[in-house]
Structure formats: C-alpha cells, structure tokens
Amino acid sequence: MSTLESYLDALHQGVFQVVVPKALVTEPLEPGWKRSAINVPSPGTIASYRRGQYHAHETASEYRVHMDRYDPEKSLIMHLIDDAPLVLMIHETMETIFVTGGDATRKDPRQRLLDQRVSWKLQMGLGAVLLAIGAVLLLLAVDETILFFTVILPSLVLILGLLTIVEGVRGRDHKERAGREIVRGGMLAGAGLVLFVFWKLYLVLILLTLMVWFLSSAAVTLLRVVRERRRLTKGFWYTLGLGVSSLALGLLAITLPDELVEILLALLAGLVLMAAAFTLLDAWGLRNVARLMEAGGACR
C-alpha cells in the first residue's frame, strides 16, 4: 500500500513538481489531504488538494504535486504574495484557457457527443454569452471604465446575493444550510446596495490592495532572484519576469491608477474573449459532427 506522500521526496531536493500516476497511489488521499476550492487554474485539473505546503492537482490519470512556500491555512497573505502573485494567476489562467480550449477542439467530437451528451446549441449559446460579456468588458476598458464600478459590479453582487437567498429559501428542508445561505445572500445583497453608494471608497480600497499585493510580490520575487539565482525552480528569466511585471503594475497603481484599472479590465476582457472563441470553435465542431451523425442515421 503506497500513499501519495511517499513519492514526494524530490520536492525537498529542489524539484518544482512531481508527477505521480494514479495507479501508483493505492491509499486514499483524504482525510490527510483537504480538497481546495480556490486555486490558480491549471490545464487538465479536475480537483485540487492541499496538505500543509503540499499542493496536488488531480488530472484524469495522475497527480501533479508541488510545494508552496506558505500553507494558505496558516499564512494566507504570504501565500498570496509569494506563492500566488496576481501576475502568475493571470498568466496561468491564459495558459489554461489556451491548453484546455486546444485540447477540446482536438478531441473526437463524435465520442464527446456520445459519452457526454454535449449539446452544440447549448455550447454555442454559452460561447455567444461569453463573447458578449467580453465585448462589453473591452468597451468598458476602452471608454467607460467607471461604469463597471458604479453599476455593473454592484449589480452583479446584488444579483448574486438575491440568487443565494432564493437558493436558501428553496432548500428549507435542510434548515441549517438554508439559514446559512439566506444569511450569506443577505450580506451579499446588502454589500451590493452599499457598493452603489460608496463605489469610490471601494475602488480606492481595491487599488490600495492591488498596489500592496503587486509591490509585495515584486519585492519577494526579485529578492529571491538575487539570492537564489541558480536555484530557482521555475528558472531565472521566468521568475525575473514575474517580479518585474508585478513591480510595473504596482508602480502603475501609484502613479497611473486609472490606467491600471483599464489594463486589468482589458486583461479580463481578453480572458473572457479567449474562452468565448474556444467555446464557439468547439460548438461548431460538435454541430458538424452531430449533423453528420444524423445524416448517417437517416441513410440507414
């Protein structure tokens, strides 16, 4: 009987990531490993688990494990600054969208239709919605940035709160959980209403948070580049690029905050538009295969 931990010694020898085939792990992960709900996106990941500083990404056939410098349960702020800087999150999100989207378009759509009962119409609709959202975000980034903070974001928070309340009311059979959902929804809805009024205050808070996050990540990353130049697990130039990018965005938050907001909105728009493009391409492929399958069935 072997556990996942028994294959992780290399992580303590300077190796960044260990890949362990699932077939080798005969012991269940839990309860030693805790499922992690929020993570930097990673291609092929179907679940993520943490155990102290160990962070495992589960794929269909293997576990990809790396070791964070800080356990987020004990040092969340340092984890965000050092292990998960915002620049890294943006980069890996883009990479995940490209890789996942590319994989989806390369898979056999006939098999996907049979196995997953994927509806190309639903997929096309989702792609169209994402395309519209991306276009709106791009227009906001170019021209009406303030509208995002004065109307759109507060409205989204308010709607999310109301939906959470409705979900709680519908689940009254489970009183304890329903009560928590209603309270959570009420807090979100209240926050949305507050955001309509005090949008300038929370915009300043967002910028301050981003400034501290960017500059702290830059300081930690660049200091590591100087101290560990030849021992950086992700490579010198990659780590240096993360540090310099974080520094540049942190300085933007101080000197040109309006431009920083526009850049971040444009990046968000770009991510959504990329996801929309891959979704639409995938839907088009599914549509063609569905019609071929229907034609083949009719011929029989």
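Restricting attention to segment 217-237, the residues that are at pLDDT 85 or above, surrounded by 13 or more Cβ atoms within 10 Å (Cβ to Cβ) and not polar (S, T, N, Q) add up to 6.
Of Arg184, Arg172, Arg180, which residue is of a type in the set (Lys, Arg) and at pLDDT 85 or above? Within the list Arg184, Arg172, Arg180, the selection yields Arg184. A count restricted to segment 177-196 and to residues that are of a type in the set (Gly, Ala, Ser) and loosely packed, with under 14 Cβ neighbours inside 10 Å stands at 2. Considering Leu147, Leu140, the condition of being at pLDDT 70 or above and surrounded by fewer than 18 Cβ atoms within 10 Å (Cβ to Cβ) is satisfied by Leu147 alone. Residues considered: Ile206, Ile182, Ile159, Ile165. Of these, the only one that is assigned to a helix (DSSP H, G or I), touching a helix residue (DSSP H, G or I) at 6+ places or on another chain (Cβ under 9 Å) and within 27 Å of Thr255 (Cβ to Cβ) is Ile206.
Only one of the numbered conditions (1) more than 23 Å from Asp68 (Cα to Cα); (2) exposed (fewer than 15 other Cβ atoms within 10 Å of the Cβ) is violated by Trp199, and that is (2).
The values are calculated or read from the model by the stated rules, or taken from the named source; none is laboratory data. Here the structure is a predicted model, which is why all the values come from computation and not from measurement. In this analysis, Cβ positions are derived from the backbone assuming ideal geometry, glycine residues included, and neighbour counts consider all displayed protein chains.
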